Structure formats: C-alpha cells, structure tokens
There are 2 protein chains.
Amino acid sequence: MGHWDGFKGTKWRDHVNVRDFIQNNYTEYTGDDSFLEPAAPSTDKLWTKLQELFEVQHENNGVYDMDNNIPSTITSHEPGYLIKEEETIVGLQTDVPLKQAFMPFGGINMANNALKTNGYDVDEDMTKIFTEWRKTHNQGVFDAYTPEMRAARSNKIITGLPDAYGRGRIIGDYRRLALYGIDFLIAEKKKDLANVGNKVMTDDVIRLREEVSEQIKALNDIKEMATYYGFDVSQPAKNAQEAIQWTYFGYLAAIKSQNGAAMSIGRISAFLDIYIQRDLDNGVITEFEAQEMIDHLIMKLRMVKFARTPEYNELFSGYPIWATLSIAGMGVDGRSLVTKNDFRILHTLVNMGPSPEPNLTVLYSSRLPEGFRTFAARIAKESSSIQFENDDLLRANWGSDDCAIACCVSATVMGKDMQFFGARANLAKTVLYAINGGVDEITKKQVGPKFRPMTGDKLDYDEFIDRYKDMMDWLAELYVNTLNVIHYMHDKYAYEAPQLAFMDTHLKRTFATGIAGISHAADSLMAIKHGDVKVIRDEDGLAIDYVPTKEFPTYGNDSEEADAAANWILEYFMTQIKRQHTYRNSTPTTSLLTITSNVVYGKATGNTPDGRRAGKPLAPGANPSYQDGKYLGEKNGLLASLNSTARLEYQCALDGISNTQTINPNGLGKDDDTRIDNLRNVMDGYFDKGGYHLNVNVFTTDLLLDAQAHPEKYPNLTIRVSGYAVKFRDLTPEQQADVISRTAHDRM
Amino acid sequence: MGHWDGFKGTKWRDHVNVRDFIQNNYTEYTGDDSFLEPAAPSTDKLWTKLQELFEVQHENNGVYDMDNNIPSTITSHEPGYLIKEEETIVGLQTDVPLKQAFMPFGGINMANNALKTNGYDVDEDMTKIFTEWRKTHNQGVFDAYTPEMRAARSNKIITGLPDAYGRGRIIGDYRRLALYGIDFLIAEKKKDLANVGNKVMTDDVIRLREEVSEQIKALNDIKEMATYYGFDVSQPAKNAQEAIQWTYFGYLAAIKSQNGAAMSIGRISAFLDIYIQRDLDNGVITEFEAQEMIDHLIMKLRMVKFARTPEYNELFSGYPIWATLSIAGMGVDGRSLVTKNDFRILHTLVNMGPSPEPNLTVLYSSRLPEGFRTFAARIAKESSSIQFENDDLLRANWGSDDCAIACCVSATVMGKDMQFFGARANLAKTVLYAINGGVDEITKKQVGPKFRPMTGDKLDYDEFIDRYKDMMDWLAELYVNTLNVIHYMHDKYAYEAPQLAFMDTHLKRTFATGIAGISHAADSLMAIKHGDVKVIRDEDGLAIDYVPTKEFPTYGNDSEEADAAANWILEYFMTQIKRQHTYRNSTPTTSLLTITSNVVYGKATGNTPDGRRAGKPLAPGANPSYQDGKYLGEKNGLLASLNSTARLEYQCALDGISNTQTINPNGLGKDDDTRIDNLRNVMDGYFDKGGYHLNVNVFTTDLLLDAQAHPEKYPNLTIRVSGYAVKFRDLTPEQQADVISRTAHDRM
C-alpha cells in the first residue's frame, strides 16, 4: 500500500500542511469508551520492567544513571531499548532506559553540578571542551547580564530564568515527519533557504539563513538516528505503527538535543488516529493492537528524563519535563476533533495507572461530544493526572484549531508559532519594593531603583498605587531585557534545530513573560485600600510587617472589586511589558503561572500587606490565596473561586492562566456517577464563563496526609500541582506541606 | 624606580591615551645613523640558530613542525624558547620555535587540510569536537552563503574571501599593556562594560556586552600566559626591556589565538623609544643593549608562522603573515615622530640581514628629517625589504598622527579603529562579464545576472559602459553582502578578544573591500573607446578574444585620459559599495591591492579588450600593466608610472593603493650615494604629488633570473612583491616568473 493511499484532500500533498491533512481525513468519534481495550501482555511486561527501573530511580533521588562524557546530540548514542522484543515503538534518549544524558550546551556548570550532586564524576575533558573551546548558553548570558539583572535574579524579584539550561517550550510539529518523510521536509527547507533574504545580508537574514541550514543538518541527523533503530524515515509513514514511530522519532531528536524545562510533544491525537483508522478499516491491525501501540508511545513519554540540579528540583519539583500532549478540541468548522485516539490516550492512565508524564491536556469545550467530556471527567477524577484548557479561548485568540499547549498553559499553533519562554516576575514582592523604595525586604539590599519609599504608619492607597506603578514599570523593563539577553544567547549557543526543523521557516514568535503572586498582590491592594493597614518597621525604618485592621475583599471569593484589582495589575504590567523592545520583534505575552516555584518564590517574599506571612508559599499561578489569615483564604467555595479566576482577562495573559483546584470527592456528590456528572458540569460552566485552565484534583486532604506519613503506601499517587502533575512522593517536604495546605473544596 | 617616574603629561595617566603619552615624552631624532650599534653576540647566536631552523623549514615546504591536537589559545602552550639564556625578549606561539599551532576556530577543514597536505596526522577527537560540538567560522559562513555567492567565489569574480580562517588585519594597541599593565586595562574595560547599553537590550548591545566580557577574559589570560615566562604584567612596565616584553606579550596573545591573513603589530617605535631613552639617560642600559633588545624583538616577529594550505600559499605566496610594523611619520604639531628607535628598527635589516617579516613600513613625508629619509632610502635600496606610505595622506584622511598600517596599505588608528577585511573583486573580469551578459568566459557558466550581452563584431564604448556599470552594480552588492556574512560569522565564531581588548570599546569600524585588475579594466576602457576592438567569438557566440586595431592611451604612462578612466572605475565602484548595508554599520572603504593573488586572479581571467592574454597575471595592486602587447606596458619610465599612480584618488580608496616598483640600480645613478639621493628625491616627489604607497625594489632582472636558476645562491634574497616582502626562493615558480616579467625601470 502506498503511504498516502486512501487519504483525501489535495492541499497538504504539495506543501507542508498537516492541519489540512487532518481536516480532510479524521473521523470524529462521538461515542463512549466501551470500545477501549485493556493493556496488552507486552505493555504489562514493559510497564513492570519500567516500574522496577523507576523504583531504582526513586531510591537514587530521581537518577537511574547518568552520562558524563557523551554530549548528547541526535546521533550521539547507540540505540537503546527497555525490552527490545516487546516494544512496538522504539527509541530512547540514551542507550539505556532512564539514563540521563550529558547536555552541556545550555551550560556546563549546570551539567556538571547535576553530575556532582548526584554522586557522579565530572569529566575533565568535557569540562575543558565546554569551557575553553565551546562556549555555552549559560556563559554567554552571564557575559552580557548587567549587575542590575544579577541583583534582580539573586534577590528573586525575577526567578526561574532559563539561563543555565535549555529554555524549552518549543514544539516541533513532529507529525510532519510521519506525513511527509524526511526527504520531502529537507527539500522544502532547501526551497525556503533559497528564499530567506533578498540579496541584502542584514544580521537577521544571516541568522535565519544559518538557522535553516542547521535545521537541514538536523533533519539529516534524524534520518541517520532512525537507521540505528532499523528504520528508513526518508519517506512518509506507510501505516499506523510507522506514523507513531516517525512522530516519536521527531520528538526523540528534540529531547536528545535539548533539556528545556518543558519539552512538549504537541497535538498528535487526531493525526495518528487517521493512520490507525485506516489500518483498522483495512484489517491490518485490531483495536487491541492500536491501544498497545498508543500505550507504548505513552510509556516512552513517561520515560523522558533530564539531568537536573537540586536547585532546579526545588523550583520545579517532582522531576517534571512537561512532555505535554494535547488532545480533543473543536474544529473551526464546528466538528470536534475528538477521535477514538483521544480515548486511547486517556485510557493509558487506566492501562498503566496514573502518571505525571506525559502532561495530558484536554482542550476543552462544552461543545465537545458528551461521551468524551464524561470520559475525561471520569479519568480526571480517578487519576488526578490531567488538565483542561479552554479550547474556545484558544481558537478565538490564536486563530487556529491546531493549537497545542507547551508546558502547562502556554498555547502555540503547531508548526507555526514558537515561544521565547522566560520565567516570572514576582508582583507580590514588587508590592514590598514599592513600599520600601526598591530595598529588598529580605536581603535589605537596594535592588530596585531608589524611588521614594512610603514612610507613614499607615499605607495610603493613592500613594501606594503611584509607587507600585513606578516599580512595575522598572521591573517590566528589566525583566524583558533580561529575557532579551537569554534568548539572544540561546539562539547563539543552544539553537533548537531539530524542533525548528519541523516548523515553518517564517514563524510567529511570542515572547512569554510570567507573573507570580498575582493573588497576594491583588489582596494587598484591597487591604491597603480598605483594610487600614498598619506598618511595622525595623530599626532602619524598613517596612517589614503589615497589620490589616479592617476587613477587605479578597480575590477568589467572587468579589468583583478584588477580581478587578487582579485584572488591573495584570493589565498594567502587561502594558509595560508591551512597551519594551523584544528580541526578534517577538510578540510579548504573559502568564499567571508559577508551577511549583510558588514555594521558592514565597520563601523569598516577606510579609505582605494582606496579612500573608513571610516565607509562606505564594498561591500558585492564578490561584486565590489559601493562606491562613484573618481576612484571607477562599471562603466561598469552589464555584466562587472559579468565578474569580474566570474573570481574569485571557487577552492580557495569552501565555496562559493556571488554576489548580482540589475537590473533596464528597463535595462533588454521593456516588461516582454523580461526581463525574458534576465535575463535567462544573467544567462546562467554568469554561463557558471564560475560565482558561483547570487542574483537577479529586481527593481529600486526609489522603495526602496519609501519603506524607506513609509514602511507601502510595508509590504512584499522582496529583496536579500547577500546570503539571507529579508523583506526590517526589515532591520536596516543603512542597508536600504546601500542597496539603491548599484548599480542598468540600462544597461547590 | 617607579614605572612612570620621569614621564611627563597628565591626561594619559587616568585614562588610556597612548598617543598623549607619546606626544608628551618622545625625543625626536634628526641626526644620522652613526649612533647605531652592530648585532650583539646573543643576537648572532640566536639568528644563527634561527637560520638553521629556517633551513629545515624551507626543506619541508615552509613547515618546521605542526601541532595537531592543541587548539591554540592564549594559554594553551608551555613557554617556548629559541635559546633561553640568550633571549632578552621571550615568547613563542607554541612551545617550540617555528612550530605551527593548530587553529581550528576559523575552520576545522582548513586546519586539517594544512596538516594533511604537509604530511601530518589529523586528530580524530579534534575533528569531532570542531565539527559536532564547536562550530567554526567557516561552517557558519557556508551555512549562510547563497548559491550566487558560492558561484562568484568559485568562478573567481570575487576571490580571497577570509571564510575559512581568521580575517586578520585587526591591530591591538599592544603598547597599552606596557604603559598601563593588565590590571588597569581590566578595570577600564569593566567600567566600559558597565556603560555598554542603557537598559534596552538590543542585539547590538548584547553583542557588545558579551564581547567586552570576552576581552576581559582575554586580558586575564594574558596575565596568566606572562607568568609562564616568569613575568607579572599586572602593573605597567618599569623599564625598556619590560616595555618591549609587555608590548610583545600583547601581540603574542593575538597570534596565539588568531591566524588572520595579516597580523600586524602596529606602531610601536616612538613609544618604545621613550622607555629606551629613559633607561639610556639613567645609565641603566647602553645603546648596544638597546639595539640588542630591538633585534630580539624583531627576530620574534620574523618567527611568526601559521599553518596554511597549498591553496592559501598559492594566493599569498612566500608564507607572509604581515607582521606589519609602522615607523616614522609626522605629528600633527609639525614635529616628526622619528626617534632613534626608527633607525634601530631599520637597522635590524643590517644586523640580521634582509627579511620579509616584520613587514617594515615607513610612514613617509618629505618633511621627515633628511637624516632619516636618507637612511630609509639606503636601507630600501640595499634590502628591497621595506615599503613606504604617504603619512601626509594618512593624517589628512584619518585625523590622527597615530595611524598604523594593517597588512600592506590599510590604515588604522591605533586602538581606535578596526577593520572588517575582505578580499577583492576582479574588475578586469567584470569587463568580460559586462560584455558576455554575466557568463563566465572561463567556466562558461552564468555567474552574473542575465543582462543583455554585447553582440556585435566591434565593441561600442557607450554600449559597453552602460553594461559595465550594471555589472559593477551587481558585483558591489553581492560582494558587500558576502562580506556581511563573513564578518557576522567571524564575530560569532572567531571573535578576536585579545586584539580588541587593547582597543577602545566603542570603535570606528571600517568595512574594507578591494579591487583587483584596475589597470586592465582602465586599459580595456581605453581600448574600447579608441582602439577599435574586434571581437572574436566561440561557437556559442561568447566573446573570447579581442583585437585592438588602433593605438589607445594606457594607464601608467602619465596619460591623463587613461588615468582618469582608472579613477572613474574606482569612484564608480566605490559609490556602489557605499550604497550597501554594511555589517555593524561599518564605514565602507576599498583598496587597490592584490598582494600576490594577482597571479591566481589572472589565471582565472580571460583575454581582455586591451590585448592582455588570458591566464596571464594581472598587474598587482594599482600597478600599471606590464604585459607584453602591441599597445600595452609602461613605456615612459619610472616617473611617468609614478605620476599615473599618484593620480588615483586616495579618498576613494581609503583602504589603500598599492604600488610596487623595481628600479635597476643603474637607472638610479652611477654610485651608491647618488642612487640613495635620487631614490629619496623620487619618493619626496611621488608622495608630495599624492602617491599613496611605494614598494621599493632596487635590483636588476638579471639578478632575479640568476636566483631563479640558482636558488641555493640566494637563500635570503628578499623582494617587495605587493604590499609585502618575500624571500624570492619561497615564491611559486609561476610567481617567480611573474615577478621577473614585471617592469624593472632602467630610467627615471
């Protein structure tokens, strides 16, 4: 059978256009989950073996084994297998399962520290090569940083900057490899190269020409890598197995050469379903075999590992790599993009149990078929392992029904967009800088500009707002320019050729910033305005504590005023972000997302005027504060909290708004069917109101307390923390405590 | 004694300002050469040893020994010595005299080819490192080149592009190391870094910040390198020996880390004389010792070697490295900058015999003291090893009396200017492209744009000029953009940190282009206009030969019309060059300079309308044609030739106008004194008329014929070829033949 036999449509044949291929060929599925098949024997064997390895890895602080002297590239390693004869989909990052590759291009220090802190030897030759001869991204960044940038970084007003490893978040459209084969893609890139620039060689033209040449080299390398596993990917995939395998090879090239924080695989579900459905229709495979291949693919994504340092693990707890896989969603023609494959992919959480990776993401709409919505709600309730994003907002704001999520909540159009990712600014801490004239409340250093501080015993709202705006102006400028340095150097020293090779040559680039502490900032504004906040100062007159003396509205309780304060901060800060020069004239966006770094950020943030205590974790992402405090906390139940979050303006936070909720099963209803129906209805309502994202946890705080006390009982307990899922036992003690302290709604 | 004891002036003390130091402290010398001392015993021993090594090197095709696995950096090698106990000035490129370092950063292919073609092993690890992990300048360039650029390069309409090795020509102001010491320079660079950019991180700001950081690293490395030789260069030099040594260490760092075509040392004569004179005045050293140290410094410059490929040697024959050292010149205050040291430096050609390196360059003016002019004329006559540049033009056009020559004829202000160097366009060949509508007359390929060709049996002048302009427009654009790619990549992959560390952070950058074949282009214009040129075509109608049937004026014979034609071409082409976008907004310049590449360029140039035969060497630089031909050649003697060259407009060729002349001793006068006086007078007149440059050879063609037949008799016969000097025996046979065929004027 020819590779394209039976496929419909024409436009996708001559030029790369995966979306057109999907739209012409996918089979919407509106039924329920009754067709699903259990795990195949091969899956059980592989998964059992993998769990043994995971156990070893867990015993060794998340490290099964590490390379120290093979700089990881697309072709650096011999082929590796879990159990070769059982695998229908093959390919590992290194030659041994779970072995972490040596990735020095982002930074030799981080690579070596990961080795040292995990008890491995540092290789002297490699250190010499990547110090004296081959400069890394990290070195480049620190060569260009200003003292102000370093101070902002070390005082943690800006945190999580990807300046020591890969920036990640770039999703290649790996489906292209399956649909077209490498040779076609190389030919297309060569055509593109011929038309990059018209005679005049500006720096931008030269840079892009070099990049496209690097992409072509990467494509050739992928062809070679595939031969190690016995495959010739020069031509399009001929069947489902090849389509899955080719797609995975594309992704594998990315994770062999980049250790970005988030290495997402994108939206592959309906695409692969087309191949599976063709094979099913032709009697070439059975549903049982289809599920087996999908299980094996997902198992590969559960195995992705990067060498990390303790500092990194503290920030992003539980070894996440954000192999985010987006499913479902609506088409612009009104059909949903739900296929049987979306069921199969969620079903992996049943066949192999819950798992943090891949970061399964449902692009949700109340118009998705009810069978799927019900199934997704059930899997969410049972696994606490999946997240939901508002597909109606995605289509409306990104102009495409082929979006995928990079990392947690960051939308990108497959093959068309790339993102310059970068960290977040702590706007709760900025409240304190505004009050103290740029002096850090923890380190007592002058970090921000020497603006006039607030000197009275009480905080005047107008005086405060004036200063807060000044300080946000300063921070936005500094932050964007810090990221400008990072992305310049990343392109220079750690360019993501294998990802970009699967994307259009002329891309839309977004410049993603991030905000931490939005709820504390908003609550502080409300406290200052309504709470008659008394200021307590240290011997140098620095404000170090605040006592609200009157009640004030807070974000997360369906208060229009408090929610408007959060929106005002978001909009004001985003406006300042937009004023800046951005690298490669990329489009600035921001997110309300902290991942698990809310703990570290909170540690570095003093007492805030809303009454939040110094050092306590910030509420993650856009979550309302759950800190104890006379006037704080979500007091009005789940729906009030969701209403507040849904009020946040997505157009001001196009990089995403993260919302993590935990619901006590009993709060959802008395029996499972009721709970599932209620959860689905809650989501329909939340997303219809404009809520952007929901991490769904369904369990009780007691369960977590038991898991904290008896981790051995819960090796696979998986929870959604903030845009991703983790195994509870892999969280740091501090983060376990934070998660436990979060609100578990026991009422709607 | 404190390092600055006895020095006058104030401005140079707080900020880097070497010129101010010189102006306040140098002692003009207006006497004759009677104070000069002969070679010291140490000099004789060292020179004898070095000549033995040179002999070995000569036997081995210019290679004494080669590294293959130590990428050369400032600190890569253990200290090396010729005869340690005899050397007053120390420091070698590698650990062994004349051993060529392994320099892969410009291009691993060129580095490996140099090894292979000289019979050395290529190191596999190095190849892997500099192919897979550490990209080189060469790879970057070829990733970004367009097919048109490659075609222009391989068809040799543009040649000598520095795209496979270092671009060179950047002169650090190494005197700064002696005057200030490393610590002060590092502190100043740190101050600069703090002020590069003001918050907004554009690509330009980021790039410069990274570069200054690299410069600071290089300065620290130089400090370390000096310790290998037992010196602490953190503080300023305390005496003459340290001043010479420190200055040389700065230069040594450059030649350890860069293999640029031209690695010049700049203008160090008056500067070092200040230290020597202070030591002489204080009775610390004698003149004999002063000459010994200068001899030893010059000997070090005679030893500089780079690993090269046969192709490179064919282009730049005789292993030149252009350790150009500029001396004399006038000050803007009317004093000359001639010191005793300018005598000492020329006197090295007596003490150690003639030598091609360093490329000794006298910045000439008829207002220099007569004693010096006479001495320089004598040394030129006796050694044929030095060149002269018009210092009056330099001061008037570069606004400084602290200029130096980079390479052959390219002016730069010490520490203030840097040059983006790049090759040359063949404007003689462009004449043929204009006639044949962009089809290459040798390869028959369409290289230029498909402009209308000339189709008749005769060449109409107006039709031709129209087409010639079109073709120059195309070539200028392509050429500049090719260089834009090269310089972008060189900054990216082979940045010259140790040179730039000794220069101002905010530099003036010139963008140097070059023109080859100016005389043949001008003569062809005259032939087409006046010579009734018949066209001979091949079977495809391509014009392949030209027969002028009438006499026409030619360039080099004091014909105002022919000289104006040369000027018109120069000005027209330069105007087109100036229209282009240049990398880093550098200031475009051009040169009339071919070095010895005139032979290779000529080989790639078909018959020209002036009657020049295909394949014959072009006249070098701005030299008039010396090819036999009914109407060609310099027929009117030396002065007519010089008059023509002097008419070329330096303001249109600020990168320099190279003119090489050979004079039969008898043509200059009957006895030595007369000859010296006449040579001096000729130069006074030539430079006063606006001539820019003169390579002076004084010998007969018979001498060269004898040297060609009996090379063993003339191991040290040195001649000026085109902006530099070579040992005659090191020229390729073709180039020996070319030099012999050049006009040796036997009359004034």
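The values are calculated or read from the model by the stated rules, or taken from the named source; none is laboratory data. Everything numeric here is computed off the predicted structure, so don't read it as measured data. Methodologically, a virtual Cβ is constructed for each residue, glycine included, from the backbone with ideal geometry; neighbour enumeration extends over all protein chains shown. Side chains included, ligands, DNA and RNA excluded: accessible areas come from the protein's heavy atoms. Shrake-Rupley method; radii C 1.70, N 1.55, O 1.52, S 1.80 Å.
So here's what we get for this one:
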read-out: Shielding by other protein chains, B:142-149, mean Cβ within 10 Å; value: 5
read-out: Table column - 3J(HN,Hα) (Hz), the stretch A:403-419, Karplus curve with 6.51, -1.76, 1.60, x for Gly and Pro; value: 6, 9, 9, 9, 6, 9, 9, 9, 7, 7, 8, 3, x, 10, 10, 10, 10
read-out: Charge context of A:Ser336, other residues only, Cβ under 13 angstrom, K/R +1, D/E -1; value: -3
read-out: Helix-only mean residue ellipticity at 222 nm for chain B, each DSSP H run of n ≥ 4 adding -39500 (n - 2.57), per residue, nearest 500; value: -14000 deg cm²/dmol
read-out: Calculated FRET value between B:Arg537 and B:Glu712, using beta carbons and R₀ = 35 Å, to 0.05; value: 0.10
read-out: Neighbouring partner chain Cβ atoms per residue of B:485-493, average, 10 Å criterion; value: 3
read-out: Interchain or long-range residues, amide H under 5 Å from A:Thr412's placed H; value: A:Ala404, A:Ala406
read-out: Aspartates and glutamates with Cα under 17 Å of A:Lys630, excluding same-chain neighbours fewer than 8 positions away; value: A:Asp523, A:Asp532, A:Asp545, A:Glu551, A:Asp610
read-out: Zone of A:Asp203's modelled label, taken as backbone nitrogen in the stretch A:492-526 under 17 Å from a point 7 Å along Cα→Cβ; value: A:492-494
read-out: Hz values of 3J(HN,Hα) by residue in the stretch A:359-366 - Karplus curve (6.51, -1.76, 1.60), Gly and Pro given as x; value: 6, 6, 10, 9, 7, 9, 7, 5
read-out: Fraction of antiparallel bridges per DSSP, the protein assembly as shown only, in percent to nearest 5; value: 35
read-out: Given charges at beta-carbon only (K, R positive; D, E negative), |dipole| of the stretch A:1-116 in Debye; value: 540
read-out: Gyration tensor (alpha-carbon) shape descriptor, the stretch A:526-675, a/c threshold 1.5; value: oblate
read-out: Label geometry 7 Å along the beta-carbon vector: B:Asp504 inter-copy distances in nm; value: 4.6
read-out: Positive minus negative residues near B:Leu593 (Lys, Arg vs Asp, Glu; Cβ under 11 Å); value: 0
read-out: A from B by rotation - nearest chain B beta carbon to the axis, in Å; value: B:Arg134, 2
read-out: Across the identical copies, how the B:Arg13 labels are spaced - nm, sorted shortest first, 7 Å along Cα→Cβ; value: 8.5
read-out: Test item: Cα-centred dipole of chain B, Lys/Arg +1 and Asp/Glu -1 on Cβ, debye; value: 1380
read-out: Cα-based helix-to-principal-axis angle, A:518-530 vs chain A, degrees rounded to 10; value: 20
read-out: Amide proton proximity set for A:Phe502, modelled H, under 5 Å, gap of 5+; value: A:Asp173
read-out: Rounded, prolate or oblate (a/c below 1.5 giving rounded, otherwise prolate when a/b exceeds b/c) for the stretch B:636-732 by Cα gyration tensor; value: oblate
read-out: DSSP bridge orientation in chain A - percent antiparallel, rounded to nearest 5; value: 35
read-out: Relative contact order computed over chain B (Cα-Cα under 8 Å; 6+ residues apart), in percent; value: 15
read-out: Distance between modelled label sites at A:Glu560 and A:Asn61, nm, 7 Å Cα→Cβ extension; value: 5.4
read-out: FRET efficiency, B:Lys603 to B:Asn24 (Cβ-Cβ, R0 60 Å, nearest 0.05); value: 0.70
read-out: Nearest-0.05 FRET efficiency for B:Glu382 and B:Met748, computed from C-beta distance (R0 25 Å); value: 0.80
read-out: Inter-label distance, nm, simple model (7 Å from Cα along the C-beta direction), A:Ser34/A:Asn282; value: 3.0
read-out: Given B:Lys217/B:Lys256; A:Lys217/A:Lys238; B:Lys550/B:Lys635; A:Lys99/A:Lys727; A:Lys416/A:Lys492; A:Lys116/A:Lys616, the pairs whose alpha carbons are separated by over 26 Å; value: A:Lys116/A:Lys616
read-out: Top positive-direction residue, dipole computed over the stretch B:377-445 with Cβ charges, set B:Ala425, B:Leu393, B:Ile442; value: B:Ile442
read-out: Under-5 Å amide H pairs with A:Ile268, H placed in peptide plane, nonlocal only; value: A:Ser326
read-out: Relative contact order of the stretch B:240-359, pairs being alpha-carbon contacts under 8 Å that are 6 or more residues apart, as %; value: 35
read-out: Counting DSSP beta bridges with both ends in the stretch A:656-748, the antiparallel % (nearest 5); value: 35
read-out: Modelled label reach - B:Thr700, point 7 Å along Cα→Cβ, the stretch B:639-664 residues with backbone N closer than 12 Å; value: B:664
read-out: Trypsin sites (Lys or Arg not before Pro) restricted to the stretch B:235-273 and DSSP loop, no more than 14 other C-beta within 10 Å; value: none
read-out: Within 10 Å of each Cβ in A:204-211, the average number of Cβ atoms from other chains; value: 6
read-out: For A:Val350, label point 7 Å along C-beta direction: distances to other copies, nm; value: 10.2
read-out: Candidate aspartates and glutamates for bridging to B:Lys450, where Cα separation is under 17 Å - those fewer than 8 sequence places away on the same chain excluded; value: B:Glu148, B:Asp440, B:Glu441, B:Glu463, B:Asp466, B:Asp470, B:Asp473, B:Glu477, B:Asp540
read-out: Spin-label pair B:Asp183/B:Thr587, simplified geometry with 7 Å Cα→Cβ offset, distance in nm; value: 3.7
read-out: Positive-end residue of B:Pro310, B:His710, B:Tyr461, charge dipole of chain B with Cβ unit charges; value: B:Tyr461
read-out: Dipole magnitude of the stretch B:471-617, debye to nearest 20 (Cβ charges: Lys/Arg +1, Asp/Glu -1, about Cα centre); value: 460
read-out: Selection of trypsin sites (Lys or Arg not before Pro), the stretch A:439-536, meeting DSSP coil and at most 10 other Cβ within 10 Å; value: A:Lys450
read-out: Phi to ³J(HN,Hα) by Karplus 6.51 cos²θ - 1.76 cosθ + 1.60 over the stretch A:387-395, Hz, x for Gly, Pro; value: 10, 10, 10, 7, 5, 5, 5, 4, 5
read-out: Heavy-atom accessible area order for B:Leu475, B:Leu654, largest first, 1.4 Å probe; value: B:Leu654, B:Leu475
read-out: Charge context of B:Tyr724, other residues only, Cβ under 14 angstrom, K/R +1, D/E -1; value: +1
read-out: Relative contact order of the stretch A:315-452, defined on C-alpha pairs under 8 angstrom at six or more residues apart (%); value: 20
